[in-house]
Each structure stands twice: as structure tokens, then as C-alpha cells.
1. Given the criterion among the β-branched types (Val, Ile, Thr) and assigned to a loop (DSSP other than H, G, I, E, B), identify the matching residue among Thr54, Thr45.
2. So which residues in the stretch 1-42 are at negative phi, among the charged types (D, E, K, R) and part of a loop (DSSP other than H, G, I, E, B), if there are any at all?
3. Only one residue in Ser109, Ser98, Ser104, Ser23 is closer than 23 Å to Leu153 by Cα and within 12 Å of the chain's Cα centre (by Cα), so which one is that?
4. Restricting attention to the stretch 74-107, report how many residues are surrounded by 18 or more Cβ atoms within 10 Å (Cβ to Cβ), closer than 17 Å to Asp22 by Cβ and among the β-branched types (Val, Ile, Thr).
5. Inside the stretch 80-96, can you point out the residues that are out of contact with any Ser or Thr (no Cβ under 7 Å at 6 or more places or on another chain) and at negative phi?
Amino acid sequence: MENIWLFGYGSLIWNPDIPYIDSSAARLDGFVRRFWQGSHDHRGTPKKPGRVVTLVPSEQGHCNGIAYLISKKNANKVFQQLDHREKNGYEKLSINLSLLNDISKTGISYIAKETNQAFLGSASIQSIAAQIISCSGPSGENKDYLFELANSLREYNFIDEHVFELESLVKKLDRTS
């Protein structure tokens, strides 16, 4: 086994919580980030699931994130830890990444497909915002996940209209509640 690139597009951007050798801004073509995955175990509960991001196929789309280089000696331990962290519907998929300077690498990412038990799918942006503002779980309030993600995307100069529009709506709802 060689060193492995892991692509993070959600909480792994601001909270990797894994040992890695190197990291790089990265782009994954053919997918967009969406708050379509239910969170029964981190940002919500089984009775009131929060919403977290997954990657959704999109022919013209792309998703910016951070790629972490995992050493082959730590790979089993790291992926056991991530398998537990991402257990609520995510599965590892092999992907083709573009790192800085258009360097192509094969990597792995955790993606929650629409066939998993926690997938919530598309909804109006207002409906998603209302769910996010009202949910919390063992890892904290759902809105904090959204705010951390939006702030991290800005730090890396990544543009994601879906995330930024949700952030704006949730902040408005937060001010009026």
C-alpha cells in the first residue's frame, strides 16, 4: 500500500483530527457539495436529524476541498477512525483529484449516496435552513457545522453558493429567533 490522498469537503476541512503528512487545496470535478445528508449521530438525533454535506453528481459541477496525504503506515488506523466518524451513511469511494497546479491524483473520499438510510435529499433552501437552525446533536448545533464550513471555505477562497446562501438564511433565522 502506498500513501493515500483523502479528500475532505465538509468537517474534514476545519477538523481533520487525523495524522497526515501533507495537505493541499484540491478540486473534484463532476460533483457538487449539498446539505442533503441526514445527521442522526453528530449534528442531530435519530428523532430530529440535522443536515450535513455530501457530494452529489453534477456533470458541469465541481467541489473544492482539502486533500490530506495519509502515510501508508497510518492508513489502516486513520481509515478505521474515519469509518467510525462517517458511519451514518457514508462510504469510501475512489476518486480523481486535481491538486494545486493541476496535479492529478487518485484519492479516496467519503460520500453519502442517495441509497443510504440517512439520505434526506433535495429540499428548498428555506426548508434546509429551517432544519439546520432547529437541530443539534452530540457534536453540537447543526448551524455551527454550517458556519464552520462557510468560514473555512472563505479562508481558502473557495466559492460555494449553496453553502453561502444557506449560511445567510440561517443567520437571518438565528437573529429573528
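Readers should treat all values here as calculations from the given coordinates under stated rules, not as data from a laboratory. From a predicted model like this one, the values you see are computed outputs, not experimental measurements. Please note: Cβ atoms are built from the backbone with ideal geometry, for glycine as well, and neighbour counts cover all protein chains shown.
1. Values: Thr54 fails: assigned to a loop (DSSP other than H, G, I, E, B).
Going through Thr54, Thr45 in turn, just one is among the β-branched types (Val, Ile, Thr) and assigned to a loop (DSSP other than H, G, I, E, B): Thr45.
2. Selection gives Glu2, Asp41.
3. Ser109
4. Total satisfying the criteria: 1.
5. Gln80, Gln81, Leu82, Asp83, His84, Arg85, Glu86, Lys87, Tyr90, Glu91, Lys92
Residues are listed down the side, and each one gets a yes or a no for (1) on the phi < 0 side of the Ramachandran plot; (2) buried (at least 20 other Cβ atoms within 10 Å of the Cβ); (3) not small (Gly, Ala, Ser):
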site	(1), (2), (3)
Phe119	yes, no, yes
Ile125	yes, no, yes
Ala129	yes, yes, no
Ser139	yes, no, no
Tyr145	yes, yes, yes
Glu155	yes, no, yes
His162	yes, no, yes
Ser168	yes, no, no
Arg175	yes, no, yes
